[in-house]
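Below is one structure, written out as structure tokens, with a few remarks after it.
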Amino acid sequence: MSGLKALDQTYVARTYNRFPVEIVSGKGSTVYDPDGKRYIDMGSGIGVTSFGIADDAWQKAVTDQLAKVQHMSNLYYTEPCAKLAQMLCKRTGMKKVFFANSGAEANECAIKVARKYAAEKKGAEYFTIVTLENSFHGRTLTTLAATGQDHFHELFQPLTPGFVHAPANDLQACIRAAEENKAAAIMIECIQGEGGVRVLDKAFVQGVAQYAAENDLLLIVDEVQTGNGRTGEMYAYMNYGIQPDVVSTAKGLGGGLPLGAALLSEKVENVLGFGDHGSTFGGNPVCCAGAISIIERIDDALLAEVKAKSAYLFAELSGAPGVAFVTGMGLMVGIKTEKPAGEVLKKCMENGVLCLTAKDKVRLLPALNISWEELKEAVAIIKAACAA
Ligand SMILES: *Cc1c(COP(=O)(O)O)cnc(C)c1O
């Protein structure tokens, strides 16, 4: 490990402040370092390994496809891409899917759709997208501009123009921002993940959806972190009784391989035409085959399990010693701890539980199929770390 640390720090760009842990193997939500130290993984690669590490069904789907065709350009048809698109449309009522390789790229597609739709429908001056303060939409210069957190912006000016930020849960301010800026779209995360696992109010989200529908603005819901079963519904917007025009997703979709998607409703299914957008790797057959094995298992029984495990986490952690309050939905949980979140995370790591943080909270994003045994063991260690 000390050799690896030096190698990594010498040659890998220093954009990540890594924890002093190397993971070499695992199964499900249990992973191991080179010395055989065992950890329960409550982060699942930031909500990516939806069914855990080395999941049998996912591994088989991926390796079967890998043995057939690992890549063809998007100039040709491959089956996993078309089948996955059909599955996603059936689950959401959406009509078309554009595949990308990441969350930021899924959002880039959503933004391009909004710009083209509004330019054609209302005029070229309708290009602005309203996003929310404290949001996170990605690291490209455009999705950074969309991200409503100034500290991400400072070093990278000028960012892509055409984004304004409105306070979350303030419908009038959001509508005002849209009116004053000739907005093309409003883009939200139903739960601000990187922003500290903050759940948006139902009335606000429904109000935004209604305003967007009445004024022919597109409602884009960024489900990169909240999607694919994470909140106990297939997509988080389903908890709000709304129907977005565009949904972007990534993280948990591929189960561990890079895959993003922009889901397009009937209103915008044909906005992008031949040559308007593309991606060399987008819709890669191996990634899509893995994703099919994920999506086909996110059924009512699994979603009920997610909800039951969520209820258990909230019941155990709310009011526990050292815990101020708990936020989130499903298996996307934020714990406001009395001690700094980083300290709690460190204590958990020492005691064999890998957690995440988000702003001032400890954040949990375990695999959707984490076992009750692993969950209970992790909760005991997290509670002890909060109380210590
Ligand atoms: C992680 C995340 C992104 C960025 O995804 P990448 O795959 O890192 O580009 C965008 N939006 C939200 C809500 C996210 O959580």
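Here are some notes:
- Considering residues of segment 105-129 that are over 17 Å from ASN284 (Cα atoms) and of a type in the set (Gly, Ala, Ser) only, the residue nearest to the ligand (Cβ to nearest atom): ALA110
- The set of residues in segment 191-207 being hydrophobic (A, V, I, L, M, F, W, C) and more than 16 Å from the ligand (Cβ to nearest atom) consists of ALA203, PHE204.
- So THR140, is it surrounded by 22 or more Cβ atoms within 10 Å (Cβ to Cβ) and either over 17 Å from GLU179 (Cβ atoms) or of a type outside the set (D, E, K, R) (or both): no
- Residue match in segment 222-231 (condition: touching a residue at least 40 places away in the same chain (Cβ under 8 Å), of a type in the set (A, V, I, L, M, F, W, C) and closer than 15 Å to ASN107 by Cα): yes
- Subset of segment 143-175 that is within 16 Å of the ligand (Cβ to nearest atom) and β-branched (Val, Ile, Thr) - its residue that is surrounded by the most Cβ atoms within 10 Å (Cβ to Cβ): THR143
- The strands (runs of 3 or more DSSP E) found wholly in segment 263-373 include none carrying at least 3 residues that are modelled with pLDDT under 95.
- Residue in segment 76-92 that is hydrophobic (A, V, I, L, M, F, W, C) and part of a loop (DSSP other than H, G, I, E, B) present: no
- Close contacts from segment 93-110, counting a first residue that is more than 18 Å from GLY255 (Cα to Cα) and outside any helix (DSSP H, G or I) and a second that is away from the ligand (no atom under 12 Å from the Cβ) and of a type in the set (Asp, Glu), with Cβ to Cβ under 6 Å and a gap of 6+ residues or different chains, come to LYS95/GLU266; LYS95/GLU269; LYS96/GLU269.
- Only one entry of ALA178, ALA185, ALA236, ALA212 meets the criterion of being away from the ligand (no atom under 13 Å from the Cβ), of a type in the set (A, V, I, L, M), crowded, with 20+ Cβ neighbours inside 10 Å and touching a residue at least 60 places away in the same chain (Cβ under 8 Å), and that entry is ALA185.
- The set of residues in segment 191-231 that are over 14 Å from the mean Cα position of the chain (by Cα) and not aliphatic (A, V, I, L, M) comprises ASP201, LYS202, PHE204, GLN206, GLY207, GLN210, TYR211, GLU214, ASN215, ASP216.
- Pairs are defined by a Cβ separation below 7 Å, a sequence spacing of at least 6 or placement on different chains, a first member in segment 6-19 that is on the phi < 0 side of the Ramachandran plot, and a second member that is surrounded by 10 or more Cβ atoms within 10 Å (Cβ to Cβ); the pairs so defined are PHE19/MET349.
- On inspection, LEU368 passes the criterion of being more than 22 Å from ASN17 (Cβ to Cβ) and surrounded by 23 or more Cβ atoms within 10 Å (Cβ to Cβ).
- Filter result (in contact with a Phe, Trp or Tyr (Cβ under 6 Å, 6 or more places away or on another chain) and either near the ligand (Cβ under 10 Å from one of its atoms) or in a loop (DSSP other than H, G, I, E, B) (or both)) within segment 239-260: PRO244
- The requirement of being touching a Phe, Trp or Tyr at 6+ places or on another chain (Cβ under 8 Å) and either crowded, with 23+ Cβ neighbours inside 10 Å or more than 21 Å from GLY193 (Cβ to Cβ) (or both) is satisfied by VAL271.
The values are calculated or read from the model by the stated rules, or taken from the named source; none is laboratory data. The shown structure was predicted, so the numbers you read here are calculated from the model rather than taken from an experiment. Virtual Cβ from ideal backbone geometry, glycine too; neighbours counted across all protein chains shown.
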